[in-house]
Structure formats: C-alpha cells, structure tokens
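The values are calculated or read from the model by the stated rules, or taken from the named source; none is laboratory data. Since the model is a prediction, treat every value here as computed from it, not as a measurement. Cβ: placed from backbone, ideal geometry, glycine included. Neighbour counts: every protein chain shown. Surface areas here come from the heavy atoms of the whole protein model, side chains and all, with no ligands, DNA or RNA. Shrake-Rupley method; radii C 1.70, N 1.55, O 1.52, S 1.80 Å.
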Amino acid sequence: MIKHRYLKKVATLELNADKCIGCGVCLDVCPHEVFEINSGKTWISDRDRCMECGACAQNCPVEALTVKVGVGCAAAIIQGKLKGTAPCCGGSEGDKSSCCGG
Amino acid sequence: MEKGPVARECSCSCNGDPQNSENRCCKPMPPAHAGENRTPWVIGAIETSTGKIPQVSTEYTPRDRFGAWKARWGIGRMDYKVPPGLYGVGNPDANSLVLVSANYKMSFDRLRSELKGLDLWILVLDTRGVNVWCAAGKGTFGTEELVHRISQVRLPEIVTHRALIVPQLGAPGVSAHKVLKLSGFRVLYGPVRAADVPAFIGRGLKATAAMREVRFDMRDRLVLAPFELVSTVKPALLLLAVLFLVNLIAGKEGFALSLVSHTLADFIPYLGAVLTGTVLTPLLLPYIPGPAFAWKGWLMGLLWAGVYVWFIASQASWTHGLFYLLILPPIASYLAMNFTGCSTYTSLSGVAKEMKFAVPAQLISAVGGIILWVGGLLLGF
Ligand code: SF4
Ligand code: SF4
C-alpha cells in the first residue's frame with residue numbers, strides 16, 4: 001500500500017520525553033503511526049506524517065504531548081479567513097452548521 | 001469501529017458512502033419527515049433491569065443502501081439521524097461488550113451490519129447526525145457527551161463490567177483517562193474500520209497495526225468524487241450562462257442552434273479543468289509528483305490545458321492558447337487544493353503553508369488570463 005506523504009517539517013507535534021510514562025496510548029490512537037515505543041519511552045519516529053488531529057495529546061494521561069490541533073482543509077481555512085474565525089466551516093454545532101457542506 | 005479515512009471538523013465534501021463516510025465531515029442532516037417509521041431497523045426489545053432496550057437488526061437493507069447513495073450525491077432528505085441512547089445487537093446481557101457510536105445513520109448502519117452473530121450493546125452518542133471523526137474534531141463526540149450518555153442510559157446498572165469500546169477515530173474528542181475518572185468506565189480504542197470490529201473482538205480486544213491505520217486508497221478517493229463534482233455545479237452553470245451571453249453578444253450567428261453548440265464547445269475546456277481537479281487529481285494523488293495538493297492540481301491542469309490547446313484549439317490564435325494555459329490550471333489547482341479537506345493525512349499547518357503560496361499564484365494566473373481575454377475582445381488580437 002502506498003503511504004501518502006504531505007509537506008515536510010510543518011507539523012506542530014511535540015513530545016516531552018521526560019514526562020512520558022510509556023503507557024502507549026498515543027500509539028493506539030494515532031492514525032498514522034507517528035510514534036514508536038522503546039524500553040518504556042515513546043518517541044516520534046515520523047513527525048511528517050502527523051495530521052494534527054490531536055488524538056494523542058487528548059489521551060496522554062501525563063500531558064507529555066502537545067500539538068496545535070486543526071483541520072487540514074483548504075475550504076475551511078478560506079471560510080475562516082473570510083469570516084475571521086478559526087478554520088472551520090459553518091457554525092461549530094447545531095443544525096445550522098454546514099461544515100463545509102460540499 | 002469506523003470505516004475509512006479522512007479529514008475532520010470540516011472536510012469539505014463530506015457525508016457519504018457507508019463505507020467511507022466516517023471521517024469526512026459533513027453537514028448535519030435534516031431531520032426525518034414526521035410520521036414516517038424512523039427506525040425500521042429496530043426489530044425487537046431486550047428486557048433489562050432498567051426496562052426495555054431496543055434490539056437492532058444487523059441487516060443492511062436496500063433501503064439503507066439507497067439512502068447512502070442519495071446522500072453521496074446530495075439528493076433529498078433521508079433519516080440520517082439515529083436517536084441517541086442504548087441499543088442491543090443479538091441477545092446481550094450484563095457481561096456483553098459495549099460499543100460506542102455516533103448518531104450519524106450511516107456510521108450506525110455500517111457498524112450494526114458488521115455485527116452479525118454477536119451479542120453486544122451499542123451506545124449511540126448525540127453527535128447531531130455527524131460522523132465520529134468530524135464530531136470528535138468538533139468535540140460533540142467527546143468526553144462530556146460520553147460520560148453524560150453513560151449515566152443517562154444507566155449503563156452501570158445494565159452491565160457489570162466497566163469497559164467501553166470507542167472507535168479510534170473518536171480519540172481526538174475523547175480523553176480516555178478523564179472518562180475513567182468521571183464515569184468509572186475504561187475506554188478501549190477499537191479499530192478504525194467497522195469491518196474490523198469482529199476481528200478485534202475475536203483477538204481479545206487487541207487491534208493490529210493495520211486496524212489502527214487510516215488509509216486513503218484509490219477506492220476511498222473515488223467515492224469522494226461525486227461530492228466534489230456536486231459542489232462545482234453552481235459555478236459551472238454560472239459559467240455556462242456567461243459563455244452563452246458572450247457568444248450571444250459576439251453575435252456571429254444570431255439566436256440559433258449554433259449558438260448553443262458554440263457555448264457548449266466553449267465550455268469543454270472548463271469542464272475538463274473541473275474534472276481534472278475533482279476526479280483525476282484525487283484519483284492519481286500519490287502518483288503525481290510533489291506533496292502539495294495545489295501543485296498536483298496545477299500540474300494536471302497544465303497538462304489538460306496543453307492537450308486541449310494542442311489538439312482541439314490548435315487552429316486558434318496564440319492569445320487563445322495562452323488564455324487557456326493561464327485560466328485552466330488555477331481552476332484545477334484550486335479544486336485539488338480543496339480536496340485536502342477530504343484527504344486523510346493533511347495537517348492544518350501543511351495546508352496553511354501550501355495556500356500561502358498557491359492562492360496568490362492561482363489569482364494572478366486567473367486574473368492574467370481574464371485580462372488577456374478582455375484585451376483580446378477590446379483590441380482584437
Ligand atoms: S496529532 Fe494525530 S496524527 Fe499527529 S501524532 Fe497525534 S495522533 Fe498522530
Ligand atoms: S500517551 Fe503520553 S505517557 Fe503515554 S506513551 Fe504516549 S507520550 Fe508517553
């Protein structure tokens with residue numbers, strides 16, 4: 001299977017290795033195999049594949065991970081620029097939200 | 001337990017095929033018509049200490065399939081929401097596993113149809129008809145709703161164990177350690193795709209690396225094409241109208257059938273550019289050189305413009321050729337760039353970076369083309 005590759009050296013993911021307790025949750029939740037674990041410590045083995053979804057940071061019990069979470073969606077960024085809000089499409093919730101509605 | 005890959009909070013073309021809709025974000029769906037049987041998939045009831053719990057079918061009916069097809073092409077309104085709450089599959093008891101799902105009908109259909117022969121509970125969260133991935137990005141599929149729903153359905157009285165299987169794609173919204181603290185339930189992250197749920201259960205609730213990975217295969221990308229295309233219908237009709245007017249004003253042949261055929265002929269290069277940006281580029285995505293989507297679209301658009309000018313418009317003047325080389329690639333590029341929202345691997349930082357360069361370039365090229373065209377009309381070169 002082909003591994004898609006996106007822009008290099010842009011992802012905002014950071015790991016504070018001193019805090020990491022090696023629980024491995026981040027490996028479970030990451031959809032792109034960004035992490036590897038080695039003798040009880042996690043390390044970022046492939047940062048360029050990170051899509052900034054935030055699953056790892058949300059689930060790290062000791063807050064060892066940080067990432068600027070956002071949507072990798074051009075239409076959302078344009079909408080955000082036009083409306084002066086964070087990149088998302090439509091309202092954040094409720095039936096009026098039209099999430100970029102195609 | 002969700003199927004397929006992709007963007008969040010708002011990817012652009014979203015809701016869709018039961019196979020692939022899970023992580024594309026979507027417009028929340030309109031509510032079903034009143035009076036209609038909204039839950040034909042409820043086939044019975046399960047007695048528990050807290051009362052009757054609806055039992056759901058594991059069949060994926062033609063009607064479900066038709067609903068999914070309609071949603072993919074953005075047609076009509078169907079029952080896209082499942083009432084939140086607890087449901088049973090088979091004959092679950094106090095020891096049965098609990099799967100968590102969103103109340104987007106297609107996520108739910110997909111999940112239940114993969115559970116043939118199993119006895120378990122499905123806890124449906126209120127994500128306002130949005131799939132797991134997008135709802136997790138918005139936070140509606142999140143710690144708070146999960147904890148609330150657990151107590152609302154009185155789950156601790158129904159099951160004796162304290163574990164929940166949450167789809168991995170819900171992880172951006174759920175904090176496993178916080179759920180444990182607030183509700184006493186341990187969150188286990190299940191596989192990305194619903195189809196892997198039985199295997200995940202069979203392996204003793206362990207996911208393989210393949211189950212954990214979000215993919216974006218050619219099939220996944222192809223399924224998205226209808227959405228992308230539907231979104232271009234309005235501007236395309238507008239353009240058709242403009243071309244018609246231009247042909248009318250240029251008025252070489254008066255109001256005749258040839259006017260229509262000229263308009264359609266003029267439309268072909270744009271149609272090609274739209275198809276290049278929405279179908280061809282996404283399809284060939286990993287094979288087109290360069291990481292940036294806008295760049296990939298530009299390259300393919302340039303290729304199309306070249307082919308068109310060379311073979312079809314070769315008898316036309318050089319300004320005509322140049323006009324197409326300036327105007328067509330940015331159209332394909334823009335549409336391809338919008339496909340970032342549907343992809344399963346682009347980051348906000350990455351998209352922002354490529355747009356910084358791509359958007360001005362698209363504008364300059366398109367405006368340059370229009371200036372050339374207007375100049376050609378006025379000065380006649
Ligand atoms: S933000 Fe998402 S993609 Fe990036 S490392 Fe964390 S879990 Fe993986
Ligand atoms: S979730 Fe946090 S503590 Fe656990 S392995 Fe990952 S970084 Fe380390």
Among the residues that make up the range B:121-141, is at least one of them in contact (Cβ under 8 Å) with a residue 60 or more places away in the chain and within 16 Å of ligand 2 (Cβ to nearest atom)? no
Residue pairs meeting the criteria (Cβ under 6 Å; at least 6 apart or on separate chains; first touching a residue at least 24 places away in the same chain (Cβ under 8 Å), in the range A:32-54; second more than 14 Å from ligand 2 (Cβ to nearest atom) and among the β-branched types (Val, Ile, Thr)): A:GLU52/A:VAL69
Would you list the helices (runs of 4 or more DSSP H) that sit entirely within the range A:1-84 and hold 3 or more residues that are within 14 Å of ligand 1 (Cβ to nearest atom) and crowded, with 19+ Cβ neighbours inside 10 Å? A:25-29, A:55-59
Anything in the range A:33-42 that is more than 9 Å from ligand 2 (Cβ to nearest atom) and either aromatic (Phe, Trp, Tyr) or closer than 21 Å to B:THR208 by Cβ (or both)? List them, or say none. A:GLU33, A:VAL34, A:GLU36, A:ASN38
Would you be able to tell me the number of residues in the range B:353-371 that are crowded, with 18+ Cβ neighbours inside 10 Å and of a type in the set (A, V, I, L, M, F, W, C)? 4
Determine whether the range B:266-276 contains at least one residue that is of a type in the set (Asp, Glu) and closer than 22 Å to A:PRO31 by Cβ. no
The number of residues in the range B:143-198 that are within 19 Å of A:CYS60 (Cβ to Cβ), among the charged types (D, E, K, R) and under 28 Å from the mean Cα position of the chain (by Cα) is 1
Out of (1) at pLDDT below 85; (2) facing chain B (nearest Cβ under 7 Å), what's the single condition that is false for A:GLY80? (2)
So which helices (runs of 4 or more DSSP H) stay within the range B:166-215 end to end and still have 3 or more residues that are without any contact (Cβ under 8 Å) to a residue 12 or more places away in the chain, farther than 11 Å from A:PRO31 by Cβ and open to solvent by 40 Å² or more (accessible area, probe 1.4 Å)? B:176-183
